[in-house]
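Some notes on the structure that comes next.
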Amino acid sequence: MTPDAFPPLSELFVRRPFDGVGFSPLAANAYRVLLRDAHQALDDAHVPSDGRRVWILPGRIEVLGKHVDYAGGRSLLCTVERGIVLVARRRDDRVAVLRDARRRETVSIAFDAPVRSALPWAVYPRTVLRRLIANFGSAVHGADIALASNLPPAAGVSSSSALTVGLTLAFSALSELAALPAWRTTITDRAALAGYIGALENGTDFGLLAGERGVGTLGGAQDQTAILCSEPECLEMFRWAPVTYERSVPWPSEYAFVIGVSGVVAAKTGAAKERYNRAARTAHRLVDAWNLHGGARAHTPARTLREAFEAASHGPVTQMPSMLVDAARAGADHEFTANHLIARLEQFFDETFVIVPHAADALASGDVPQFGSLVDRSQGGAERALENQVAETLHLARYARELGAHAASAFGAGFGGSVWAMVPVSDAERFASRWRDRYLRTHPAASHRALFFTTSPSAPASEVVGDTVCADA
């Protein structure tokens, strides 16, 4: 299907009839099945059908931009042709009841007497509601919500952020929060909305909207921005802190992404959360070191690593500033050694100021070999500096290139998750089969969780308007 023109980022919300989104026939029917299941979950709970509203929330690919969003770097992003469907209806009380149609699990949250659920995914609706109520008070209404997903969970494709985005959109729409002065003065466009939902997840303030306890990770707004602000058949380049659109790059139609889900759970809880947060804390330590040892005489302290680079460079950033390296050495200790801090500086510089913009240029000019070379450089930087790769993702990226992929990289938070590979559309299914077979010969224990699928850059999160769609018989 050919998509209708999508609204500019100045418009807060995307609303489209299902047939106007531009899904491929395969993706469209998969979403129809999810919609059927979500509606059925509400039917089974005797939730009236009138007044239901529907959202589709895609997963995302971080094509480039590894661990840079919370540090003010830049990324190249798109969504995938898989996602979460959410069907919601406003309630008259202050209770939210959420039903996972596929898992057959239910979470009930009373606004005035919340009880912690034992279900792991309950943290996301609880976090969304806690923040919305803190920022908008009694304007937030209860809801009956059913969801159904074909995103692999904890796989690096942002299933958790897709859920958080969807819940924020649903509660905001059902409660008409966008009409409130506090919303209108702070969340002025879709990029700002992505920034707000990122702050909702990480617990920080967003303008005048005070922070609340988030989900426990120190992330930025990359995932939320990709989910809300992407366009079909394009890669989007954004700069972070604040969310700033830079350019769109057409994706060459003769190529597809093949996603290899390693089967190693990329969780952000427990020890995995601490490893994830260490990458963010390293960036924060570098900013503190610059403000203390390098930029102490500056009128305004740096807030992000990008600002530290700009201050140390006294202009455009074209090379690693020696003053910033000296500050990193001065700020080192037993937890963050000088070698570790300097390696992280090099990775951030390379990813933000060299790889992402040059890769966008290469893709725009049709120079696929150069694009692939820059992606290899990004993958190497992650392996050296981020400490977030595991054997499974290392092997997936390596095998993809050896099997002929024009580019391949791990993506997401790391510590498991997925790898994307760029291959000709005509060879995508054959490549996926060969890639899977080679991977499972090395990692047979991953066979029950590994997944390989093909996608093109897809549409942003949208509310589905018009007639309800059903799965093909």
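Per-structure values
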item: Mean separation of Cα contacts under 8 Å, 6 or more apart, over the residue count of the chain: relative contact order %; result: 24 percent
item: FRET efficiency, Glu346 to Arg434 (Cβ-Cβ, R0 35 Å, nearest 0.05); result: 0.55
item: Mean-position separation - Cα centroids, the range 269-333 and the range 379-401, in angstrom; result: 24 Å
item: Summed side-chain charge close to Ala192 - residues other than Ala192 whose Cβ falls under 13 Å, Lys, Arg +1, Asp, Glu -1; result: 0
item: Local net charge near Ala296, Cβ-Cβ under 13 Å (Lys/Arg +1, Asp/Glu -1); result: -1
item: Residues with amide H under 5 Å from that of Phe415, placed H, sequence gap 5 or more; result: Gln389, Val390
item: Cα centroid separation, the range 61-79 to the range 404-435 (Å); result: 18 Å
item: Answer label, with Cα extents along the principal axes in Å calculated from the coordinates and candidates [x] 159, 70, 46; [y] 65, 53, 42; [z] 59, 52, 51; result: [y]
item: Span-rule helices in the chain, defined as complete DSSP H runs reaching 15 Å or more along the axis (Cα) with Kyte mean at least 0.0; result: 123-136, 159-175, 190-202, 338-349
item: The range 119-181 and the range 7-43: distance between their alpha carbon centers, rounded to Å; result: 17 Å
item: Normalised contact order of the range 270-455, rounded percent, pairs of Cα under 8 Å and 6 or more residues apart; result: 14 percent
item: Helix-only CD estimate at 222 nm, as mean residue ellipticity for the chain, using -39500 (n - 2.57) per DSSP H run (n ≥ 4); result: -12000 deg cm²/dmol
item: Amide H partners (placed H, <5 Å) of Gly156, local residues excluded; result: Ala266
item: Amide H partners (placed H, <5 Å) of Arg247, local residues excluded; result: Met237
item: Local electrostatic count at Ala312 - Lys and Arg +1, Asp and Glu -1, tallied over other residues with Cβ under 13 Å; result: -1
item: DSSP-defined beta bridges in the range 91-185 - what % are antiparallel, rounded to 5; result: 55 percent
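Every number here is computed from the coordinates shown, using simple stated rules; none is lab data. It should be emphasised that the depicted structure is a prediction, and the values quoted were computed from it without experimental measurement. Ideal geometry is used to build each Cβ from the backbone, glycine not excepted, and the neighbour counts take in all protein chains shown.
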